[in-house]
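Asks: Encoded as structure tokens, here's the structure I'll be asking about.
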Amino acid sequence: MPGAQNALIVVDMQNDFCPGGALAVAGGDEIVQPINRLMQNFDAVILTQDWHPADHTSFAENHPGAEPFSVVEMPYGQQVLWPAHCIQGSNGAAFHPDLDVNRADLILRKGFRSGIDSYSAFFENDQQTPTGLEGYLRERGFDALTLVGLAHDFCVAWSARDGAKLGFQVTVIEDATRAIDLDGSRNKARQDMRDAGVELK
Ligand code: VGL
Ligand code: ZN
């Protein structure tokens, strides 16, 4: 096996997170072509796909009377209630049509259990239930990870932070991300990532 192995992890580049989608992130579509170009520079490309059942407890509509973007206490901690998004098999859950999905070695789905969200590609939101990605990366010999995609301040940040905690050398290319920026979440995410030892580039 050749020397240092660097994997590109492309987070949640799905229709629902792009303009016109159910949980649109401003400018989400602008990063598709830059991400496609970046893919050429890595030993592997891994795509994550937010993949929720319709009765998912992260959806505001499944909490009678609750407003989207409000916060509730769940058994595993605080949870933002989102508009329903990325429902398994829907067009909203599909990857942006221009994303070069053929380049991916692995597509990792997350958030598929009704009772718990999964922002991070490594752990569900209880921060202990593994998705299996760590084992995959270690078995293939990756030590460096570069993260891009949506959303900067939720799934990218949580994945980056967990990757660094697990001992990977993690870089986030911020130009190839876009943020939801809910109540200052973008700045907080940047600080959390830096504190965890993530390089922001
Ligand atoms: C995401 C909120 C809910 C993300 C996923 O991809 O950042 N954010 N589900
Ligand atoms: Zn989600």
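No value in this document is a laboratory result; all are computed from the given coordinates. Please read these numbers as outputs of a predicted model, since none were measured by experiment. As a convention, Cβ positions derive from the backbone with ideal geometry for all residues, glycine included, and neighbour counts pool all protein chains shown.
Asks: Quick check of the Kirkwood formula: for segment 35-108, what is the inverse mean of 1/r over all pairs of different Cα atoms, in Å? Intermediate results must be reported in sequence, preceding the final value.
Replies: Working: mean 1/r = 0.0693 Å⁻¹.
Radius from the Kirkwood sum: 14.4 Å.
Asks: Can you give me the Cα centroid spacing of segment 25-62 and segment 138-201 in angstrom?
Replies: Rounded to whole Å, the Cα centres lie 14 Å apart.
Asks: Restricting to the chain, compute how many DSSP beta bridges are antiparallel as a %, nearest 5.
Replies: Working: 6 of 32 bridges.
Of the beta bridges lying entirely in the chain, close to 20 percent run antiparallel.
Asks: Moving on. State whether segment 96-164 is rounded, prolate or oblate according to the following rule on the C-alpha gyration tensor (a ≥ b ≥ c being the square roots of its eigenvalues): a/c under 1.5 gives rounded; otherwise a/b larger than b/c gives prolate, and the remaining case gives oblate.
Replies: Values: a/c = 1.45, a/b = 1.14, b/c = 1.27.
Rounded shape, in that the Cα axes give a/c under 1.5.
Asks: For the chain, what is the calculated [θ] at 222 nm in deg cm²/dmol (nearest 500), taking -39500 (n - 2.57) for each run of four or more DSSP H residues and dividing by its residue count? Walk me through the intermediate numbers first.
Replies: Numbers: 4 runs with 34 residues, N = 201.
Rounded to the nearest 500, the figure is -4500 deg cm²/dmol.
Asks: For the ranges 7-17, 160-170, 58-68, 92-102, what's the packing order if you count other beta-carbon atoms within 10 Å of each residue, average per peptide, and put the highest first? Show your work: numbers first, answer last.
Replies: Working: 7-17: 27.2, 160-170: 21.1, 58-68: 14.4, 92-102: 16.4.
Ranking, from highest mean packing down: 7-17, 160-170, 92-102, 58-68.
Asks: Report, by chain and number, residues whose modeled amide H sits under 5 Å from the one on Gln49, excluding near sequence neighbours (fewer than 5 apart, same chain).
Replies: The list, which skips near neighbours in sequence, is Asp12, Leu108, Arg109, Lys110.
Asks: Assign one of three labels to segment 1-66, namely rounded, prolate or oblate, based on the Cα gyration tensor with a ≥ b ≥ c the square roots of its eigenvalues; rounded applies when a/c is under 1.5, prolate when it is not and a/b is larger than b/c, and oblate otherwise. Let's see the in-between values first.
Replies: Values: a/c = 4.58, a/b = 1.98, b/c = 2.31.
Oblate is the answer for segment 1-66, as a/c is 1.5 or above yet b/c matches or exceeds a/b.
Asks: First measure r as the distance between the Cβ atoms of Arg140 and Glu30, then evaluate 1/(1 + (r/R0)^6) with R0 = 25 Å and state the FRET efficiency to the nearest 0.05.
Replies: On the way: r = 31 Å, r/R0 = 1.22.
Plugging the Cβ-Cβ distance into 1/(1 + (r/R0)^6) gives 0.25.
Asks: Could you work out how far helix 185-195 tilts from the main Cα principal axis of the chain, as a 0 to 90 degree angle to the nearest 10?
Replies: Tilt of helix 185-195: around 40 degrees.
Asks: Could you grab the Rg to Rh ratio for the chain? Cα atoms only, Kirkwood for Rh. Intermediate results must be reported in sequence, preceding the final value.
Replies: Numbers: Rg = 15.8 Å, Rh = 16.8 Å.
Rg/Rh for the chain comes to 0.94.
Asks: What FRET efficiency do you get for Tyr76 and Arg37 if R0 is 41 Å and r is their Cβ-Cβ distance, rounded to the nearest 0.05? Intermediate results must be reported in sequence, preceding the final value.
Replies: Values: r = 37 Å, r/R0 = 0.91.
So, using R0 = 41 Å, E works out to roughly 0.65.
Asks: Once you place label points 7 Å from the Cα toward the Cβ at Lys188 and Phe112, how far apart are they in nm?
Replies: In this crude label model, Lys188 to Phe112 measures out at 3.0 nm.
Asks: Label Glu67 and Asp98 with points 7 Å out from Cα along Cα→Cβ: what is the distance between them in nm?
Replies: A separation of 3.5 nm, rounded to one decimal place.
Asks: Aspartates and glutamates near Lys110 by alpha-carbon distance under 19 Å, same-chain residues fewer than 8 away left out - which ones?
Replies: Asp12, Asp16, Asp50, Asp55, Glu124, Asp126, Glu134, Asp153, Asp162
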